[in-house]
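Participant: The structure that follows is given in the form of structure tokens.
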Amino acid sequence: MVWHDDSFSVTMQTTYPSRIGKLVELHYQSLFSLAMRLCASPVQAMVLTQRAFSVARKRRDLPVPRNERAWLLALLLNKFLESRPRICGS
């Protein structure tokens, strides 16, 4: 992935295994879009998206291809809910 700006360009090299890299390539935009709706800032949305992919990377039982997007969105939502203060309960 190459990012261009007027003053310089940066080449990003991914270190993800090929399956995770493909998940990021296919679904990053969807996850980031949901994260932007949930978070107060683009930076928080980016962190939340990265956390979701981090959980996905650690999972050994990646879902079948037709469930990947829903699975990743669920991971992102769970990470968002974990970061919110608890209102009910203990």
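Quick note: the coordinates plus some simple rules give every number you see, no bench work behind them. Since the model is a prediction, treat every value here as computed from it, not as a measurement.
Participant: Residue by residue through the range 28-45, what is 3J(HN,Hα) from phi via Karplus (6.51 cos²θ - 1.76 cosθ + 1.60, θ = phi - 60°)? Round to whole Hz and write x for glycine and proline.
Facilitator: Per residue, the Karplus-derived 3J(HN,Hα) values read 4, 4, 5, 5, 5, 4, 5, 4, 5, 6, 8, 9, 7, 8, x, 5, 5, 5 Hz.
Participant: Taking H placed 1.01 Å from N in the peptide plane, check which residues at least 5 places from CYS39 or on another chain put their amide H under 5 Å from its amide H.
Facilitator: Amide H to amide H, under 5 Å and 5 or more residues apart or across chains, CYS39 pairs with nothing.
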